[in-house]
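Please read the structure below before turning to the comments.
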Amino acid sequence: MKRELSGWFSPALQKEMPIVAYGDYGFALLLVPTAAADYLEYERFQLMETLAPYINGGKLRIFSINSINNESWLNNEIAGEHKAIRQNQFNEYVFNEVIPFIKINTSNETPIITCGASFGALHSMNLFLKRPDLINGVIAMSGVYDLTEYTKGFYDDQVYFNSPAHYVPNLSDDWYLHNIRRSDHIHILTGSGDYEDPQASRNFSGILNGKGINHQLDIWGHEWKHDWPTWRAMLPAYLEHQF
């Protein structure tokens, strides 16, 4: 499997941000890490080994980035307002730096699908919904879509605008709705086992239904826990049957 490490000093985040790419061809899958993890997390937990047949077969090319959650919502040393600022800087990093990097290394026509597990699912969904003109879909695994689950009681406009469960019910802009609705790949997946929250997925699915946004909700059984064996099973299953 082809593997390339890269990175640059991010103007948005004012720090070095590494990125790793796997494969040569296919649509681009942009992986967002779980809570406090880094750009190599999915590799460490053997997800790349599981996805190797699809990567080597040219179905997809994967790009995996660092999170900054330890500098935002998981940082207990700073005020909520500063956590929100850092979140918005992360969004700008993805939109203005990562997406162009992917396009340069693929093509302008290559579809980009965001994907993440746990906290990465929320970020992946939020990134897609904010810029459906740049991102073509999302695979969200074992997520909650209410950012206040992570904000320790803090709430302001920036929490609202980064919390899909809050802003989607009020979304009325025709441009956003048109671009979101045209996606064929909005996938919400969850298990029902230990530490999973399938009701969070059901609730967000209901919100999308209320806005006429076509999507797929897939709730797996109680044997599927909030853990890597679940995600190593889920993602290949969707790549095999949905893409």
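The values are calculated or read from the model by the stated rules, or taken from the named source; none is laboratory data. Worth saying up front: this structure is predicted, and the values here are computed from it rather than measured. Because the Cβ atoms are built from the backbone with ideal geometry, glycine has one as well, and the counts that use them run over all protein chains shown.
Conditions (1) under 19 Å from Leu127 (Cβ atoms); (2) at pLDDT 95 or above, marked per residue:
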| position | (1), (2) |
| --- | --- |
| Ala37 | yes, no |
| Gln46 | no, yes |
| Thr50 | no, yes |
| Asn56 | no, yes |
| Ile62 | yes, yes |
| Gly80 | no, no |
| Phe90 | yes, yes |
| Tyr93 | yes, yes |
| Val98 | yes, yes |
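Output the qualifying pairs, or none if there are none: Cβ atoms under 6 angstrom, residues six or more apart or on different chains, first residue in the stretch 197-218 and within 16 Å of His166 (Cβ to Cβ) and among the β-branched types (Val, Ile, Thr), second residue at pLDDT 95 or above and assigned to a helix (DSSP H, G or I). Close Cβ pairs satisfying both conditions: Ile207/Val168; Ile207/Pro169; Ile213/Ile180; Ile213/Arg181. Residues in the stretch 53-85 that are in a helix (DSSP H, G or I), within 18 Å of the chain's Cα centre (by Cα) and in contact (Cβ under 8 Å) with a residue 40 or more places away in the chain: Asn69, Ala84. Listed by position, the helices (runs of 4 or more DSSP H) enclosed by the stretch 164-231 that each have at least 1 residues that are out of contact with any helix residue (DSSP H, G or I) (no Cβ under 9 Å at 6 or more places or on another chain) and not aliphatic (A, V, I, L, M) are 174-181, 198-210.
Applying the set (1) touching a His at 6+ places or on another chain (Cβ under 7 Å); (2) closer than 20 Å to Thr34 by Cβ to Gln216 leaves exactly one unmet item: (2).
So, in the stretch 156-165, how many residues would count as being more than 19 Å from Asn66 (Cβ to Cβ) and either buried (at least 19 other Cβ atoms within 10 Å of the Cβ) or touching a residue at least 12 places away in the same chain (Cβ under 8 Å) (or both)?
6
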